1. Suppose we keep only residues that are part of a strand (DSSP E or B) and more than 16 Å from the ligand (Cβ to nearest atom) within region 122-145. Which one would you say is farthest from residue 182 (Cα to Cα)?
2. Quickly run through region 264-295 and pick out the residues that are surrounded by fewer than 17 Cβ atoms within 10 Å (Cβ to Cβ) and under 17 Å from residue 136 (Cα atoms).
3. Residue 151: of a type in the set (Gly, Ala, Ser), more than 16 Å from the ligand (Cβ to nearest atom), out of contact with any Pro (no Cβ under 9 Å at 6 or more places or on another chain) and more than 24 Å from residue 285 (Cβ to Cβ), yes or no?
4. Only one of (1) under 16 Å from residue 219 (Cα atoms); (2) buried (at least 24 other Cβ atoms within 10 Å of the Cβ); (3) out of contact with any helix residue (DSSP H, G or I) (no Cβ under 7 Å at 6 or more places or on another chain) fails for residue 55. Which number is that?
5. How about region 182-197: which of its residues are polar (S, T, N, Q) and within 14 Å of the ligand (Cβ to nearest atom)?
6. If the Cβ limit is 9 Å and pairs must be 6+ apart or interchain, which residue in region 124-138 that is touching a residue at least 12 places away in the same chain (Cβ under 8 Å) and within 16 Å of residue 319 (Cβ to Cβ) pairs with which residue that is among the basic types (Lys, Arg) and away from the ligand (no atom under 12 Å from the Cβ)?
7. Only one of 349, 317, 307 is over 26 Å from the mean Cα position of the chain (by Cα) and closer than 23 Å to residue 270 by Cβ; which?
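None of the figures in this text is laboratory data; all of them are computed from the coordinates on show. Here the structure is a predicted model, which is why all the values come from computation and not from measurement. Cβ sites come from the backbone with ideal geometry, for glycine too, and all protein chains shown count toward neighbours.
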Amino acid sequence: MDIPFVDLKIQYQSNKQELDKAIQGVLDESAFILGKYVEQFERNFANYCGVKHCIGVGSGTDALHLGLRACGVAEDDEVIVPVNTFIATAEAVSHCGAVPVFVDIDEETFHVDIDKIEEKISSKTKVIIPVHLYGQPVDMDKIMNIAKRYGLKVVEDACQAHGATYNFQDSESRLKAKRAGSMGDVGCFSFYPGKNLGAYGDGGAVVTDNDEVADKVKLLRNHGEQNKYNHLIVGYCSRLHALQAAILNVKLKKLDEWNGKRRKNALSYNRLLKDLDVIIPYVSDRVESVYHLYVIRVRNRDKLREILGSKGIAAGIHYPVPLHLQPAYKHLGYNKGDFPVAEAVAEEILSLPMYPELSREQIEYVIEQIRAVVS
Ligand SMILES: *Cc1c(COP(=O)(O)O)cnc(C)c1O
């Protein structure tokens, strides 16, 4: 059996008619930059997330970069970033001329260790970026409390968490389910093809309830242009493409169903892995995870991954090298041993194949192969 890590073809094949029609519609009108398809998607995705504004941009990295800029992050500012995340979270900070300040992760969730954030806050800190890694929202009540106490902004990296929810405590202490991306000052999404909501190329979005932030991101994504040839600020060229917006409009309608299937697959993995010597993903009872990734922790990870590969199963590692040890961030002067939890976890995490269309037989096959190695 051949089991890919994600299967984009099967999703296209089962929605081909609607997707082809959407693409043809854009080609027929030949309106590719901003315009009605982008506006339609922005409205739909804002409603879906439960926020006032959505601004389509060129990628998730750009969503983070422009979101940070709109929050006022500039040269020499500091931004709190978990050390276990995709490098784009830190790159967006660097693109502002600011410095990512890394924080170790929690042994259970693999999210930022919230108890270690405060010791990293200085007079230069402007923003905390919680990353809803693997599709599970971070404990946002705690993040927002720290941000409030120190007067910081919160930019959520929701690039792996489209549709995930967290039971957020409002000012009257009532719990209310809120979507990832809708709790901080700004939420940032990627529509990279392999994400839970994926386009057919690069794409991203910034969501926010703040009118000023929304206006600023709209200027930044389109050359600082307020109206034709009137450029208020020096901006960027980072727009969500109309073709991608049309595709995303079709796919957004299926997102909840797909996320439900991912959860069901995760439960099957959980059940079948129960008796084996592996640690299954921890999920807080305050969240509904959307399992962008299904990440187990296991000893002799590299050997297991190699054997799975020889049996046709593609497993991944997210992420093999914590950001402080990446050559790109050598200049920040961190050393091996600075973030012991992240460094230990990076040696033992393994992401199993995960996508909505994964079949019962495929899941059982994966488990059978794991069982043969880990008993
Ligand atoms: C995918 C991803 C990004 C960046 O998205 P791109 O669209 O590839 O630029 C940022 N942060 C996290 C956590 C991601 O998974």
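1. Across region 122-145, the extreme among qualifying residues is 125.
2. 264, 267, 270, 279, 282, 284, 285, 286, listed by residue number.
3. In short, yes.
4. The number of the failed condition is (3).
5. 190, 196
6. Sorted first by the residue in region 124-138, then by its partner, the pairs are 135/262.
7. 307
A quick yes/no check of all residues on (1) over 16 Å from residue 158 (Cα atoms); (2) of a type outside the set (A, V, I, L, M):
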residue	(1), (2)
197	no, no
223	yes, yes
233	yes, no
252	no, no
